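Derivation of every value follows stated rules applied to the coordinates shown; laboratory data play no part. From a predicted model like this one, the values you see are computed outputs, not experimental measurements. Note: ideal-geometry Cβ built from the backbone for every residue, glycine included; neighbour counts use all protein chains shown.
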Amino acid sequence: MRLNAGPSPLARYLVAAYSLLVVYASLHPFSGWVDNGAAPLAWLAMGPPPYITAFDVSVNVLAYLPLGFLGVLALYPVARGASAMVLTFLLSTALSACLESLQTYLPSRYASNIDFGANAAGALMGTLIGVAAARMLLREDGLQALRYRLFRSGARIDLGLVLLGLWLFSLLSPETLLFGNGDLRSLFQTPSGRLYPAELFMRVEAAVAGANALAVCLFAGTLMRAGQPSRVIMVAVLTAGLLVRTVAYGLLFSSQEMLLWVTPGALFGTAVGAVLAILAAGLPRPARLGLAALSLMFAAAVVNFAPENPYLAAFLAEWRQGHFLNFNGLTRIVSAAWPFAALVHLMALASDRNQRRDGGDWGGGA
């Protein structure tokens, strides 16, 4: 099969977003910086840290594997094959070396050549997979062609797809209600949830899940071309989110607790949001954009003005984050920022006059 002549903007946006996530996870909590007198590259000659485990090494390998994979796809057609693999590997290891050196000045982090080696191994594995998969992903009838067949063209649509990926990533945070992104309550005082009946929290959970399910489904639908199965994609996105939530609970807690997020409020809200999204899919695109924005704002307001759920707080109080401490800091920041980033993106889509000519459904339903 002949590869497409053009690059993949989506791959480039994804590798940029993932690189930022790696930087954040590596330098979290970004506080307590101190010059301890060590040289920035002293970690290259240091012995292994006393607490290193096979789990730590595996996490570092897996963290850099997507970076190598996406890097190969993002470089096409500037570099391909062996040259793309070498260049991506060098860039990934250079990023890892810089972050390890910066960790030297963070008391809460430990710069390690073992971490660097694991990162390099993960990047190398990712580049190998990327080179092997490039033909399937970038050829004329591959996944890139599917992206352009299902979704509108343009940089803003690619950014929207990246935001959908970040939405799935935000669901890895167990410290929020289902789909409960945009929680900024740590910035101000909220009333204690212990003064309220349990029924209130079930209603809050249903409202948050329902409004966010509606917003995310409509968000995905506004990215699609006219005539494509938008309702199928909406249900697929929502189903993927529930699967990610289940896997997250299984990994962060235990296999016996992987369905702890399943509550009457969460299930009822998700079902109502999905039904409303399927019905709203037939509205003109401007109406869907507006409804998605209103749903996002409503859900964020409910999340931030509702009292803290004491049942969730009591469960999390017993949780030992351990190895996932920095990872959970990353998921929290993505979860908090996502609705506001999505709202800005919806406003950009609504103001883009080119969308009137791309897809042909500006004035009609999908």
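In terms of the Cα gyration tensor, with a ≥ b ≥ c the square roots of its eigenvalues, is the range 93-177 rounded because a/c is under 1.5, prolate because a/b exceeds b/c, or oblate?
Oblate shape, in that a/c is at least 1.5 and b/c is the bigger or equal ratio.
What list of ³J(HN,Hα) couplings, whole Hz, do you get for the range 210-218 from phi and the Karplus terms 6.51, -1.76, 1.60, once you set θ to phi - 60° and write x for glycine and proline?
x, 5, 6, 4, 4, 5, 5, 4, 5
Give the calculated FRET efficiency between residue 256 and residue 132 to the nearest 0.05, with a Förster radius of 41 Å applied to their Cβ-Cβ distance.
0.65
What are the ³J(HN,Hα) couplings of the range 30-40, residue after residue, when phi is run through the Karplus curve with 6.51, -1.76, 1.60 and θ = phi - 60°? Round to Hz, x for glycine and proline.
6, 9, x, 4, 8, 8, 8, x, 7, 5, x
Can you classify the range 9-148 as rounded, prolate or oblate using the Cα gyration tensor, where a ≥ b ≥ c are the square roots of its eigenvalues, rounded means a/c under 1.5, and otherwise it's prolate if a/b beats b/c and oblate if not?
Values: a/c = 2.56, a/b = 2.20, b/c = 1.16.
Judged from the Cα gyration tensor, the range 9-148 comes out prolate (a/c at least 1.5, a/b above b/c).
For residue 224, enumerate residues with amide H under 5 Å from its amide H, sequence gap 5+ or separate chain, H modeled in the peptide plane.
Long-range HN contacts for residue 224: 152.
List the residues, sorted by chain then number, that are 5 or more residues from residue 41 or on another chain and whose placed amide H is less than 5 Å from its amide H.
Under 5 Å from the amide H of residue 41 lies no amide H from a residue far enough along the sequence or on another chain.
Taking 7 Å along the Cα-to-C-beta vector as the label spot, tell me the residue 279-residue 340 distance in nanometres, rounded to one decimal.
Those two pseudo-labels are separated by 3.3 nm.
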